[in-house]
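Only one structure is covered here, and it is reproduced in the block below.
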Amino acid sequence: MEERATGRFAGFTGPAVPHFLPELLPAVEIGWRLDRACWGRGLATEAARAVLVYGFGHCGLDRIVSVAQTGNDASLRVMAKLGMRRERETVDPGSARPVQVHVATAP
């Protein structure tokens, strides 16, 4: 992602297979990482919404997940804005940190 006005790199948003959490497989995850200077401007929500539309429409997916560390309130708010619902809590085996798995289903 880049800022429209400046072309400056803002971060990334996109689909991936969440191999780090085998209990979810098979699945497609939507994730995002933004430069701290870009936080709080709705960029993650806007970009993630476009990925959901692409995943459901172009790719024909019926389910897309998103995973956030428990306590990452900013990402959890993005998931809520996208209409995702909490499916479960689990532990990331790589970091041993608790995570929340949210899901969106095709309209």
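Scanning for something farther than 20 Å from T90 by Cα, buried (at least 17 other Cβ atoms within 10 Å of the Cβ) and touching a Cys at 6+ places or on another chain (Cβ under 9 Å), does segment 21-35 turn up at least one residue? Within segment 21-35, none of the residues are farther than 20 Å from T90 by Cα, buried (at least 17 other Cβ atoms within 10 Å of the Cβ) and touching a Cys at 6+ places or on another chain (Cβ under 9 Å). Pairing each residue of segment 29-42 that is free of Cβ contacts under 8 Å to residues at least 40 places away in the same chain with any residue that is part of a strand (DSSP E or B) and among the aromatic types (F, W, Y), provided the two are 6+ apart or on different chains, yields C-beta distances under 6 Å for R33/F12.
Filtered by the rule that a residue be at pLDDT below 95, part of a helix (DSSP H, G or I) and over 13 Å from the mean Cα position of the chain (by Cα), segment 38-57 gives a lone residue, C38. Of the residues in segment 17-37, none is on the phi > 0 side of the Ramachandran plot and either out of contact with any Leu (no Cβ under 6 Å at 6 or more places or on another chain) or modelled with pLDDT of 95 or more (or both). Name the single residue, out of those in segment 3-23 being assigned to a strand (DSSP E or B) and in contact with a Gly (Cβ under 9 Å, 6 or more places away or on another chain), that is farthest from R49 (Cα to Cα). Step by step, filter segment 3-23, then rank; the result is A16. Just give me the residues in segment 58-107 being surrounded by fewer than 16 Cβ atoms within 10 Å (Cβ to Cβ), outside any helix (DSSP H, G or I) and in contact with a helix residue (DSSP H, G or I) (Cβ under 6 Å, 6 or more places away or on another chain), in sequence order. Across segment 58-107, the qualifying residue is only A106.
The values are calculated or read from the model by the stated rules, or taken from the named source; none is laboratory data. Everything numeric in this text was worked out from a predicted model, so none of it was measured. Note: ideal-geometry Cβ built from the backbone for every residue, glycine included; neighbour counts use all protein chains shown.
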